[in-house]
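Everything on this sheet refers to the single structure shown next.
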Amino acid sequence: MTWFDSPADVATRLDASGYLTDPATATTTFLAGALEKPLLLEGPAGVGKTELAKAVSRATGAELVRLQCYEGLDEARALYEWNYKKQLLAIQAYGAQPQRGTATTVDGNHQPQPWNDLDHSIFTDEFLLTRPLLTAIRREAQTVLLIDEVDKTDIEVEGLLLEVLSDFQVTIPELGTVAATRRPFVVLTSNASRELSEALKRRCLYLHLDYPDAKREREILHKQVPGLDDRIAEQLVATVGRLRDLELKKAPSIAESVDWARTLIALEIRDLDEVAIAETLGAVLKHQSDHQRAVKELKLGRS
Ligand SMILES: Nc1ncnc2c1ncn2[C@@H]1O[C@H](COP(=O)(O)OP(=O)(O)OP(=O)(O)O)[C@@H](O)[C@H]1O
Ligand SMILES: [Mg+2]
């Protein structure tokens, strides 16, 4: 089964599930599905990277399996680990059975029996704890695999991803190779806090997501914040645009625009004048120095 029929199909179905695409996003998303290649999304915080994976899952009805990356993430958290507790209990239970764990000699003493056969029984599926990568590979139903904030992991984890993303398989020494019956739709996101390896990039389609233009941002706001007045949406997007030009420590993203719109509705503010901006700036700027800069540059009456 194909994921999407065309880029236009991506645009329509993602729109219906609350995500607005531009032509480049729609085309690359379509290709990721058609070519069964992972999609690497890079760009500043809050521009809709994670949301795109969620929207694909909503639009297609495929379950979302998420691997949240962080420093120190290892194989046991990303791929699989053996359930040691359960294995230990199985070993104890095995040892406690005289007919299996020990052999009785003629004088009635118990002697330990070889444990070799136990090895085979505690390294089976029953004792395997699957983590997101293996879960996604093994699922038979359609799956969207989100590998979120991949730049936060150590470089070693990328090595682990390579086998999964190039062959869609995982090798478990005790069990053998588990290959995907159905390839998941893979989305990787990155804030580009460090360069990803060329080997990883080569296996992916690449899309840089950036702040949208004013028209699309207004459309996103109307979609995300029902009941938002046209005029105030226009004022808000224009102000956010000016703030982005200031080269702040943390420029406001789409997420902040959405938060700001909700704030204005909650406060029943119908005109985003200087006073209203100054009063609600905390919804958009999260650093004191940015706040001060904005007050000065936008010549706001009071802060
Ligand atoms: N194209 C879009 N259509 C609709 N909503 C969007 C779009 N882009 C972003 N948003 C909104 O912005 C919010 C933030 O997006 P998201 O969490 O995906 O950002 P991100 O790029 O993953 O940021 P970070 O790098 O901080 O994780 C979303 O919850 C959504 O409300
Ligand atoms: Mg994100």
At a Cα cut-off below 14 Å, give the aspartates and glutamates reachable from Lys249, other chains included and same-chain residues fewer than 8 away excluded. Asp290
Using just the C-alpha positions of the chain as equal point scatterers, what log10 of I(q)/I(0) does the Debye formula give at each q in 0.09, 0.10, 0.15 1/Å? -0.60, -0.69, -1.14
Quick one: of the DSSP bridges fully inside the chain, what percent are antiparallel, nearest 5? 35
What per residue convex hull volume, in Å³, comes out for segment 214-297 when only alpha-carbon positions are used? 80
For segment 214-297, with only Lys/Arg (+1) and Asp/Glu (-1) charged at the beta-carbon, what is the dipole magnitude about the Cα centre, in debye rounded to 20? 340
Quick one: check the C-alpha center-to-center distance for segment 1-69 versus segment 242-285, whole angstrom. 28
What ³J(HN,Hα) values, in whole Hz, does the Karplus curve 6.51 cos²θ - 1.76 cosθ + 1.60 give for segment 46-55 when θ = phi - 60°, with x put for Gly and Pro? x, 9, x, 6, 5, 4, 4, 5, 5, 5
When you count, for each residue, the other Cβ atoms within 10 Å and take the mean per peptide, how do 154-162, 231-239 rank with the highest first? 231-239, 154-162
Helix-only [θ]222 nm of the chain, DSSP H runs n ≥ 4, -39500 (n - 2.57) each, per residue, nearest 500: -14000 deg cm²/dmol
Ranked from fewest to most other Cβ atoms within 10 Å of their own Cβ, Phe168, Phe4, Phe127 fall in the order Phe127, Phe168, Phe4
Any idea how far apart Thr2 and Ser193 come out in nm if each label point goes 7 Å out from Cα toward Cβ? 3.9
Estimate the FRET efficiency between Trp82 and Ala179 by the formula 1/(1 + (r/R0)^6), using the beta-carbon distance for r and 25 Å for R0, to the nearest 0.05. 0.75
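None of the figures in this text is laboratory data; all of them are computed from the coordinates on show. Here the structure is a predicted model, which is why all the values come from computation and not from measurement. All Cβ positions, glycine included, derive from the backbone under ideal geometry; neighbour counts span all protein chains shown.
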